[in-house]
Amino acid sequence: MRVLVIGSGAREHALAWCLASSGADVVALSAHANPGLGRVAKELVLGDPSSPEEATRVATSRSVAYAVIGPEAPLGAGVSDALRTSGIPVVGPSKAAARIETSKAYCRDFLARHEIPGSPRYAAAKTLEEVDAAVAGFTGPFVVKPIGLTGGKGVWVQGRDFPTPEEGALYAKRLITTGGSGVVLEERLDGEEFSLMAFVTDSGIYPMPAVLDYKRALENDGGPNTGGMGSFSQRDHLLPFLSKEMYERALDILQKAVEGVLADGMGYRGILYGGFMLTANGPYLVEFNARFGDPEALNVLSLYENGNFAELLNGVAHGKVDRTLVRFRLRSSVVKYLVPPGYGFASRPGSFVTLDEEKIEAAGARVFFADSEAAGPARFRLGTSRGIALVGEASAIHEASARVEAALGYVVGDFSVRHDIGTAADVTKRTEHMRSLIAPGAKPSPLPLSVAAADAPPSSAADPSMLI
Ligand code: AMP
Ligand code: GLY
């Protein structure tokens, strides 16, 4: 089966790897010579992944069985619609359905219109007067977001990125006067974030393991929001602070969203990603994405179980999924991205990284390439975005993190990485934070184990990833 993968990053490398592992011949349409895509794809076509004409030309000339769209920009540019018009089945919703990701105002209006639970109070503003009115409407801290796609950047949270409502208003106004299409202001949600992705067709929704994405550029969640510095998933497919009940509530929000899309007269074949904040009042929706998350895709694809991924995605593209193909191994996984110096603030492109891939593999980690290009044997040049991802897998989260750290011993060069991702101390901190929110002022008391699944391996008392 020949499959077209559209996109240039580590998510697309992982997709291509997973597809190739299940026997597919991958054709990749990428903006640059991603070394990972170069290895696993039968053919790497350099071009614009967001060009409907180019995607259609490549798909039809190679007679692919279907296409998978990785990033949001091609969805927003109508690539899925153009492919479908040419008779190519696609994993990726239409441009119209993808508005739940591409416009934050549309997303919040959609949630309100369909009375979907878990949406914070919000107001969209296109003029300076509307900003003042929106700010006056909040009694507590709020968040300012540009309406359109910003790659996870540009969102400012009161108490972290700005101190007072007045400064939040100034930032919102600056976004408007510098040519943006408007802003959304919303109530600040306090809790711990998690991502839940599902394969979606018009007739069903098939969830994947939950993932925690580290969005801030610096350790201890300092610095600005980024596309995601790394992530972890836990072996029971929940998270240390996320119970089965809360996972199900988040899934219900995704389910209702799909029903809303269908009620609006649109179809949906692709991936739906919910970015959630688990609060003392349960999960709230921070954002939808109409695609796999990056780095989240690297966690779940590394754990995909039975070698039939090409068949599974074929089912999504054709609107008929075989549920038995949606299987992920009961292991924890940790992703850490190597990023160029200054990433998140002002990236300095052109740094070099040397990898000893044999030793990295022996240390128990896998390499996925993103914004990097080959620059000699085992040497890679980083661009301005996230460069290279290392993925470790183990029984416990902190063990998977330790594997990535061991692998980092075989990486030399000028890059930044968040070492704290998935460490015992960091996982414990998040768990304790959630506990303190659930019982404000109360001494943390043991909560029920989140490992409810009968088939989850036994937990160990020494394993901080299983604290609650
Ligand atoms: P978004 O692009 O909407 O996913 O926002 C990027 C990041 O900003 C999220 O992952 C959160 O860390 C933060 N954020 C967004 N909306 C909120 C909110 N309502 N309350 C608190 N943090 C938020
Ligand atoms: N990791 C967040 C995203 O893919 O948008």
>> With the structure loaded, tell me whether Leu272 is away from ligand 2 (no atom under 11 Å from the Cβ), more than 14 Å from Ala198 (Cα to Cα), in contact (Cβ under 8 Å) with a residue 24 or more places away in the chain and in a strand (DSSP E or B) or whether it fails that test.
In response: no
> Would you call Ala198 out of contact with any strand residue (DSSP E or B) (no Cβ under 7 Å at 6 or more places or on another chain), touching a residue at least 24 places away in the same chain (Cβ under 8 Å) and under 27 Å from Val68 (Cα atoms)?
Replying inline: no
>> Take the conditions crowded, with 23+ Cβ neighbours inside 10 Å and of a type outside the set (A, V, I, L, M) and apply them to Tyr206. Does it pass?
In response: no
>> Restricting to region 247-279, name every residue that is surrounded by fewer than 21 Cβ atoms within 10 Å (Cβ to Cβ), touching a Gly at 6+ places or on another chain (Cβ under 7 Å) and among the aliphatic types (A, V, I, L, M).
In response: Met277
> Which one of the conditions (1) closer than 30 Å to Thr354 by Cβ; (2) surrounded by 17 or more Cβ atoms within 10 Å (Cβ to Cβ); (3) of a type outside the set (Phe, Trp, Tyr) does His32 fail to meet, given that it meets all the rest?
Replying inline: (2)
>> Yes or no: region 206-229 includes at least one residue that is more than 10 Å from ligand 2 (Cβ to nearest atom), among the β-branched types (Val, Ile, Thr) and part of a strand (DSSP E or B).
In response: no
>> Within region 1-56, considering only strands (runs of 3 or more DSSP E) that don't extend past its boundaries, which have at least 1 residues that are in contact with a helix residue (DSSP H, G or I) (Cβ under 6 Å, 6 or more places away or on another chain) and touching a residue at least 24 places away in the same chain (Cβ under 8 Å)?
In response: 2-6, 25-30
> Across region 138-167, what is the number of residues that are more than 9 Å from ligand 1 (Cβ to nearest atom) and aromatic (Phe, Trp, Tyr)?
Replying inline: 2
> Can you find even one residue in region 299-317 that is among the hydrophobic types (A, V, I, L, M, F, W, C) and within 15 Å of ligand 1 (Cβ to nearest atom)?
Replying inline: no
> Just for strands (runs of 3 or more DSSP E) wholly inside region 64-175: which have at least 3 residues that are touching a residue at least 60 places away in the same chain (Cβ under 8 Å)?
Replying inline: 66-69, 122-125
> Mind checking whether some residue in region 388-399 is part of a loop (DSSP other than H, G, I, E, B) and touching a strand residue (DSSP E or B) at 6+ places or on another chain (Cβ under 6 Å)?
Replying inline: yes
>> Out of Pro74, Pro117, I need the residue that is farther than 27 Å from Ala169 by Cβ and at pLDDT below 95. Which one?
In response: Pro117
> Which of the residues that make up region 190-205 are part of a strand (DSSP E or B), more than 13 Å from ligand 1 (Cβ to nearest atom) and either of a type in the set (Asp, Glu) or within 17 Å of the chain's Cα centre (by Cα) (or both)?
Replying inline: Leu196, Met197, Ala198, Phe199, Val200
>> I'd like to check something: does region 66-76 contain any residue that is under 24 Å from Ala250 (Cα atoms), more than 16 Å from ligand 2 (Cβ to nearest atom) and under 20 Å from the mean Cα position of the chain (by Cα)?
In response: no
>> Just the residues that are surrounded by fewer than 20 Cβ atoms within 10 Å (Cβ to Cβ) and either within 16 Å of ligand 2 (Cβ to nearest atom) or outside any loop (DSSP other than H, G, I, E, B) (or both), please, taken from region 177-189.
In response: Thr177, Glu187
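Yes or no, residue by residue, for (1) under 30 Å from Ile253 (Cα atoms); (2) among the hydroxyl-bearing types (Ser, Thr, Tyr); (3) surrounded by 22 or more Cβ atoms within 10 Å (Cβ to Cβ); (4) modelled with pLDDT under 95:
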| residue | (1), (2), (3), (4) |
| --- | --- |
| Leu4 | no, no, yes, no |
| Thr85 | no, yes, no, no |
| Lys104 | yes, no, yes, yes |
| Phe110 | yes, no, no, no |
>> I need the helices (runs of 4 or more DSSP H) fully contained in region 276-366, keeping only those with at least 1 residues that are in contact (Cβ under 8 Å) with a residue 40 or more places away in the chain, closer than 30 Å to Asp109 by Cα and away from ligand 2 (no atom under 16 Å from the Cβ).
In response: 309-318
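The values are calculated or read from the model by the stated rules, or taken from the named source; none is laboratory data. Worth saying up front: this structure is predicted, and the values here are computed from it rather than measured. Note: ideal-geometry Cβ built from the backbone for every residue, glycine included; neighbour counts use all protein chains shown.
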